[in-house]
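Below is one structure, written out as structure tokens, with a few remarks after it.
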Amino acid sequence: MLLSLLFRSMAASALVGLLGLTQPALAQTNADPVLLAALQASKTPALALLEMRDGKVSREAVVGLRRNDQTESAKLDDLWATGSDAKPMTVALVARLVDRGLLAWDAPLSKLWPALAQSVRPEYGQITLAQLLSHRAGLPRDCSDADYFAAFHADTRPLPQQRLDYLRKALNEAPVAAAGAGQHYSNTGFVLAGAIAETVTGVAYETLMRQEVFEPLGMSSASFAATRQGQNMGHRNGRPVAEKFSTAEDGNPLMYSPAGAELHMTLRDWAKFCLDQLAGAKDQGKLLSKAAYRKMQTNTDGPRSALGWLAPPSIMGRKGPVLQHSGSDGNWMAYVVLFPEQGTGVLVAANAGEDMGADAAAKAVLKAVLPGLSPAN
């Protein structure tokens, strides 16, 4: 054991020299060699890793800086943006309402929200929650009017009202396919699902998420708010971004939250949701009914589409079944990969966007850890 620890320390020290990282940047990270190696070819300031086995967190590590113009180390309890990795959490919220009888997976929009259905293209009147949440509703990815979308950054009206206005505009654009005809990734579909949840409960999506998902699972750090000065910061174009959600550089406007916009939390709190999903795959979940977990995690159309999750048969050479997603707002990057049959999973987060190499760095971490991510003997 001592020789193993010494070897890891020597390997980490060697990588520190290669990367030119200063000791203060590694003070609380244990200098994880997998993360250090992934940073070598990246301009990403920091990377974080969390592994799950046997119903608990089995490994946590973080390497690098909170912001690249200062020397403070990123820490294990820092917040990270999950981006579109929050889509399964939106599905879990909807599933709670389905379990309660307030919604139904296969009810059409004309029944779920008659007033909206009457004001949009008639093709959309028959789309269902299950289609929306598996990207099979035929909706475009986003509203095509970029100026209209950007105006929501400065909108100060209540978020449910903003979402309603957005949907009236977006759902009057032509579909990209007939409902049910294959998978076509759509953020708008998740905004619509979140707004439907608001309509049947009379409660804003953000509050519903806190009440129905975050609080029951003890995800106390989860918040639809940007990180602040003195905390871990997202980066773009080589510099930290103080997100105020007032410009396109700040990522998506807050009204886009049901699609995964600007949800920040610690990796350990994110893991609480993922561990519940793994437990649910074995009929031991806390948050949802057994039927709801099966509905979320089962392919609905082809080899990739579940509800909120992408479900390919394998990932990076590791055989599934797999539940996975990636997320970014241009300032952050995050990946989640779960193996429900094995009860294992991994989270990787970076405090930068694709333009600084965060996507490649995160994938390098996944490639390094996935072969060894198996249940404990």
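The values are calculated or read from the model by the stated rules, or taken from the named source; none is laboratory data. Keep in mind it's a predicted model, so treat the numbers as computed, not measured. Every residue, glycine as well, gets a Cβ built from its backbone with ideal geometry; the counts of neighbours run over all protein chains shown. Accessible surface is based on the protein model in full, side chains and every heavy atom, while ligands, DNA and RNA are left aside. Shrake-Rupley method; radii C 1.70, N 1.55, O 1.52, S 1.80 Å.
If you line up the long axis of helix 87-99 against the longest principal axis of the chain, both from Cα atoms, how many degrees apart are they, to the nearest 10?
Compared with the principal axis, the helix lies near 50 degrees.
By how many degrees, 0 to 90 and rounded to 10, does the Cα axis of helix 358-369 deviate from the longest principal axis of the chain?
70 degrees
State the answer as a single residue: which of 185, 237, 196 lies farthest towards the positive end of the charge dipole of the stretch 157-279, with beta carbon charges of +1 for Lys and Arg and -1 for Asp and Glu, about the Cα centre.
Of the candidates, 237 comes out farthest on the positive side.
Could you report the chain's accessible area per residue, 1.4 Å probe, as an integer in Å²?
I get 40 Å² per residue for this part.
Mind putting together the pair-distance distribution for the stretch 305-377? All Cα pairs, 5 Å bins, whole percent per bin, short to long.
3, 17, 26, 23, 17, 11, 3, 1, 0
In whole Å, largest first, what are the principal axis extents of the Cα atoms in the stretch 34-99?
Result for the stretch 34-99: principal-axis Cα extents of 48, 28, 22 Å.
Using the alpha carbons of the stretch 172-217, what is the convex hull volume per residue in cubic angstrom, as a whole number?
114 Å³
At 0.36 nm per residue, minus the direct Cα-Cα distance, what do residue 75 and residue 148 gain on full extension? Give it in nm, one decimal, please.
22.5 nm
For the chain, what is the charge dipole size about the Cα centre, in debye to the nearest 20, if Lys and Arg each add +1 at the Cβ and Asp and Glu each add -1 at the Cβ?
With Lys and Arg at +1 and Asp and Glu at -1, about 760 debye.
Determine ³J(HN,Hα), in whole Hz, for all residues of the stretch 347-357 in sequence, where each value follows from phi through the Karplus function 6.51 cos²θ - 1.76 cosθ + 1.60 and θ = phi - 60°; x replaces Gly and Pro.
Each residue's phi maps through the Karplus curve to give 10, 9, 9, 9, 9, 7, x, 4, 5, 10, x Hz.
How would 210, 66 rank on accessible area, largest to smallest, probe 1.4 Å?
So, going from the largest accessible area down, we get 210, 66.
Among 294, 318, what's the order by accessible area (1.4 angstrom probe), most exposed first?
294, 318
Based on the Kirkwood radius over alpha-carbon pairs, what value in µm²/s does the Stokes-Einstein equation return for the translational diffusion coefficient of the stretch 85-172 at 20 °C and 1.002 mPa s?
Roughly 151 µm²/s, to the nearest whole number.
Give me the compactness ratio for the chain, meaning the Cα radius of gyration over 2.2 N^0.38 Å.
Its radius of gyration relative to the 2.2 N^0.38 Å reference: 0.98.
Expressed as a whole percentage, what fraction of the accessible surface of the chain belongs to carbon and sulfur atoms when a 1.4 Å probe is rolled over the protein heavy atoms?
After summing per-atom areas, the C and S share lands at 53 percent.
Can you give the calculated 222 nm mean residue ellipticity of the chain, where each DSSP H run of n ≥ 4 adds -39,500 (n - 2.57) and the sum is split over every residue, rounded to the nearest 500 deg cm²/dmol?
Theoretical 222 nm ellipticity from helices: -9500 deg cm²/dmol.
How many times 2.2 N^0.38 Å is the alpha carbon radius of gyration of the stretch 140-256?
So the Cα radius of gyration is 1.19 times the expected 2.2 N^0.38 Å.
Give me the three principal axis extents of the stretch 75-120 from the C-alpha atoms, as integers in angstrom, largest value leading.
That works out to 49, 26, 13 Å along the principal axes.
Quick one: which residues, 5 or more positions from residue 236 or on another chain, have an amide H under 5 Å from its amide H? H modelled 1.01 Å from N in the peptide plane, none for Pro or chain starts.
241
Around residue 344, which amide H atoms from residues at least 5 apart in sequence, or from another chain, sit under 5 Å from its own amide H, with H modelled in the peptide plane?
Those qualifying (amide H under 5 Å, at least 5 residues apart or on another chain) are 339.
Amide H of residue 330: which non-local residues (sequence gap of 5 or more, or other chain) have their own amide H closer than 5 Å, using H built in the peptide plane?
354
Can you compute 3J(HN,Hα) from phi for each residue in the stretch 216-225, using the Karplus curve 6.51 cos²θ - 1.76 cosθ + 1.60 with θ = phi - 60°, rounded to whole Hz and x for Gly and Pro?
x, 9, x, 8, 6, 8, 5, 7, 8, 8
In a solvent-free Debye calculation with one equal scatterer on each Cα, what is log10 I(q)/I(0) for the stretch 267-342 at q = 0.11, 0.16, 0.19, 0.21 Å⁻¹, listed in the order of the q values?
Debye intensities relative to I(0), on a log10 scale: -0.28, -0.59, -0.82, -0.98.
Using each residue's phi in the stretch 116-132, evaluate 6.51 cos²θ - 1.76 cosθ + 1.60 at θ = phi - 60° and report the 3J(HN,Hα) Karplus result to the nearest Hz, with x for Gly and Pro.
Once rounded to whole Hz, the list reads 5, 4, 6, 10, 10, 4, x, 4, 7, x, 9, 6, 10, 4, 4, 5, 4.
Please give the helix 159-170 orientation as an angle from the longest Cα principal axis of the chain, in degrees from 0 to 90, rounded to the nearest 10.
Helix 159-170 and the main axis of the chain meet at about 70 degrees.
Under the √(5λ) rule applied to the eigenvalues of the Cα gyration tensor, what semi-axes describe the equivalent ellipsoid of the stretch 130-183? Give them in Å, descending.
Gyration-tensor ellipsoid for the stretch 130-183: 24, 12, 8 Å.
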